[in-house]
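Engineer: One structure, pasted below without further comment.
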Amino acid sequence: MIMEYWISPKGVIVDIETHPVKTIVKEPHTFGYTLDEMQIIYAKYSDENEMEGEATKTIISDLIEKGWIYSHRRTTESDWLADVNKLDKKTRFNIQLWAQFLLRNGLIKEDQILRIYRRYRDLKTKRSFQQVLEGNFFDQ
């Protein structure tokens, strides 16, 4: 079961039902786009909303640069992944809100792993959800 979420710069958690960009196309204004802008991006790349298409990569990268977090887990056995631009104070707070949401809804256990990819610095961080909930994002 694929589990995916968008987390807005304001900490709003958006469940992704089938595909990260299809969720944006359904409600472009939530993500700061217009439907016309979405159509232009897809026309530019002649993309058919494929999971690995160039339009999809462009839109996801653009949102992450604007402070959105894309989080997902491909299987119930795999680690959670979170793509962020920077792991600044605001982003860490939003990740903690999301982790609390997952824990409250029984979707994670505290010992499960979250891998955070920071695009701005091209760094990867690996933490348990317990560490995330405690605010421990960095090696001491």
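The values are calculated or read from the model by the stated rules, or taken from the named source; none is laboratory data. Small disclaimer: the values here were computed from a predicted structure and weren't measured. Note that we place each Cβ from the backbone using ideal geometry, even for glycine, and neighbour counts take in every protein chain shown.
Engineer: Of the residues Lys89, Lys109, which single one is among the charged types (D, E, K, R), loosely packed, with under 13 Cβ neighbours inside 10 Å and at pLDDT 95 or above?
Structural biologist: Values: Lys109 fails: at pLDDT 95 or above.
Lys89 is the lone residue from the list that is among the charged types (D, E, K, R), loosely packed, with under 13 Cβ neighbours inside 10 Å and at pLDDT 95 or above.
Engineer: Being among the aromatic types (Phe, Trp, Tyr) and assigned to a helix (DSSP H, G or I) is the filter; apply it to the stretch 8-44 and report the residue that is modelled with the lowest pLDDT. Steps first, answer last, please.
Structural biologist: Residues of the stretch 8-44 that are among the aromatic types (Phe, Trp, Tyr), as a first pass: 31, 33, 42.
Retained after the next criterion (residues that are assigned to a helix (DSSP H, G or I)): 31, 42.
Values: Phe31: 94, Tyr42: 75.
Ranking the candidates gives Tyr42 first.
Engineer: Let me ask something else about it. State whether one or more residues within the stretch 49-69 are surrounded by 12 or more Cβ atoms within 10 Å (Cβ to Cβ), under 24 Å from Asp111 (Cα atoms) and either touching a residue at least 40 places away in the same chain (Cβ under 8 Å) or over 13 Å from the mean Cα position of the chain (by Cα) (or both).
Structural biologist: yes
Engineer: With the requirement that a residue be in contact with a helix residue (DSSP H, G or I) (Cβ under 6 Å, 6 or more places away or on another chain), of a type outside the set (Val, Ile, Thr) and touching a residue at least 12 places away in the same chain (Cβ under 8 Å), what does the stretch 21-43 give you?
Structural biologist: Hits for the stretch 21-43 are Phe31, Met38, Tyr42.
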